[in-house]
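What follows is one structure encoded as structure tokens, with my remarks underneath.
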Amino acid sequence: MSRTQGGQLDIHDFNGQVALGECRLLDEFRSIINFGAEAMRFLSPNGELVGEIPDDGELNN
């Protein structure tokens with residue numbers, strides 16, 4: 001069984017997060033973000049894991 005890939009809003013540290021900080025919303029933003037979202041997995045056509053890159057925890061690009 002497979003699932004479809006979801007989507008996320010990417011709020012960059014050099015522009016969107018600056019704006020959130022100026023609006024005093026950065027703490028709230030950090031409390032609800034999806035940590036680990038920058039991790040990547042590479043699967044073969046039959047779904048076998050062939051490689052992965054973990055999230056480095058830096059919360060930036």
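When we screen E38, E28 for residues that are open to solvent by 70 Å² or more (accessible area, probe 1.4 Å) and at pLDDT 80 or above, the only hit is E28. Which condition breaks for H12 when tested against (1) assigned to a loop (DSSP other than H, G, I, E, B); (2) open to solvent by 100 Å² or more (accessible area, probe 1.4 Å)? Only one criterion in (1) assigned to a loop (DSSP other than H, G, I, E, B); (2) open to solvent by 100 Å² or more (accessible area, probe 1.4 Å) is unmet by H12, namely (2).
The values are calculated or read from the model by the stated rules, or taken from the named source; none is laboratory data. Given the structure is predicted, the values throughout are model-derived calculations rather than measurements. Just the protein is used for accessible areas: all its heavy atoms, side chains included, with ligands, DNA and RNA removed. Shrake-Rupley method; radii C 1.70, N 1.55, O 1.52, S 1.80 Å.
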